[in-house]
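To start, the structure itself, in structure tokens.
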Amino acid sequence: MSLPLIGITTYRGQTDDGPKDFFCLSEAYVRAVQRAGGLPVMIPLGLSEEALQHLYSRLDGLILSGGGDVDPEAFGGGAHETLFGVDPDRDRVEFNLVRWAVAEDKPLLGICRGIQVMNVALGGSLYLDTSQIGGARKHAYFPNYRREYLAHPVAVEEESLLARSVGAPIFKVNSLHHQAIRQPAPSLRVVARSPDGVIEAVERPDLTFALGVQWHPECLPRSRAARQLFHTFVQHTRSRTDGS
């Protein structure tokens, strides 16, 4: 049985001792995909649209990883003092990948920044910081908390893809974000929220697997819900590989 090829997006990093650029990705994403039975591949930035299309065509599924903020110019968001890590080239790459995956119904999982990229790519908007949300509690549990710290529960809509994937209506998650979905894209359905009402998951109900979550399941290998999420995602990519 061949292993489904799962592309995972990267971000640009730099050393402290000079202008040496790196394409970076947390090992946690790679291990989560491997545990679920997939073969992870890092997607570099800077590729031309043609080259990116060639790489995309070889993949059985896509994961949009976490990282810096989406450029506010992509959704008319203005400026905010908390903005960090904006990379228009990364936005370009990931927006293309989202739109191609949605058009082709290729399995797509967005994580943290990834859910925000999905939303903006499909016509939605973001809060530049959760402080803009009336009644929102703390969501940026970094850098002073461990990444596996379970910050709050999420409540999942019944009969949603997320509910079927994790097998639980309520479970606790980590929280490592300072932005959040403001206006959901027209084609996306909100399927999970935190107790303060912040959107924690969206999906495309008309597609096989197109789901974005605001937390970091790759950092929660002991969580059954997190393991089940990756397992279900990879199973959907495997069905493409096996031709079933």
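Read-outs: derived from the displayed coordinates by stated rules, not from any lab. Quick caveat, the model's predicted, so the values are computed rather than measured. Ideal geometry is used to build each Cβ from the backbone, glycine not excepted, and the neighbour counts take in all protein chains shown.
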Taking H as built 1.01 Å from N, whose amide H comes closer than 5 Å to the amide H of Val173, not counting residues under 5 places away? Ala151, His152, Val154
Under the definition of Cα pairs under 8 Å and six or more residues apart, what whole-number percent is the relative contact order of the chain? 22
When the chain is treated as a GNM, springs tying every alpha-carbon pair under 10 Å, which of Glu73, Glu200, Glu81 comes out with the largest mean-square fluctuation? Glu81
Of all trypsin sites (Lys or Arg not before Pro) in segment 22-112, the ones in DSSP coil with at most 16 other Cβ atoms within 10 Å are Arg58
For segment 85-171, the Debye formula with one identical point scatterer on each Cα and no solvent gives log10 I(q)/I(0) at q = 0.26 Å⁻¹ as -1.28
Equivalent ellipsoid dimensions for segment 1-113 as semi-axes, Å, which come from the Cα gyration tensor, largest first: 24, 18, 14
Pull up all non-local amide H partners of Arg193: gap of 5 or more, or a different chain, and H-to-H distance under 5 Å with H placed in the peptide plane. Ala155, Glu200
Using only DSSP helix segments of four residues or longer, with each worth -39500 (n - 2.57), what per-residue ellipticity at 222 nm results for the chain after dividing by its residue count and rounding to 500? -8500 deg cm²/dmol
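What is the antiparallel percent of DSSP beta bridges lying wholly in the chain, to the nearest 5?
55
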When the charge dipole of the chain is computed with +1 on Lys and Arg Cβ and -1 on Asp and Glu Cβ about the Cα centre, the Cα farthest towards its positive end, among Pro40, Val166, Pro88, belongs to Val166
Between Arg58 and Ser239, what is the label-point separation in nm under the 7 Å Cα-to-beta-carbon projection? 2.6
Dipole-positive endmost among Ala51, Thr10, Gly78 within segment 5-242 (Cβ charges, Cα centre): Thr10
Rotationally averaged projected area of the chain (alpha carbon convex hull; nm²): 13.2
Let me spell out the model: positive unit charges on the Cβ of Lys and Arg, negative unit charges on the Cβ of Asp and Glu, origin at the Cα centre of the chain. What dipole size does that give, in debye rounded to 20? 860
Top mean-square fluctuation among Ser160, Ser57, Ser48, Gaussian network model of the chain, C-alpha springs under 10 Å? Ser48
In nm, what is the difference between 0.36 nm times the number of residues separating Arg224 and Arg137 and their Cα-Cα distance? 28.8 nm
I want to verify a result. In a Gaussian network model of the chain, Cα cutoff 10 Å, which of these has the top mean-square fluctuation: Gly110, Gly167, Gly13? Gly13
For Leu108, which sequence-distant residues (separation of 5 or more, or a different chain) have an amide H within less than 5 Å of its own amide H, given hydrogens modelled in the peptide plane? Leu62, Phe209, Ala210, Leu211
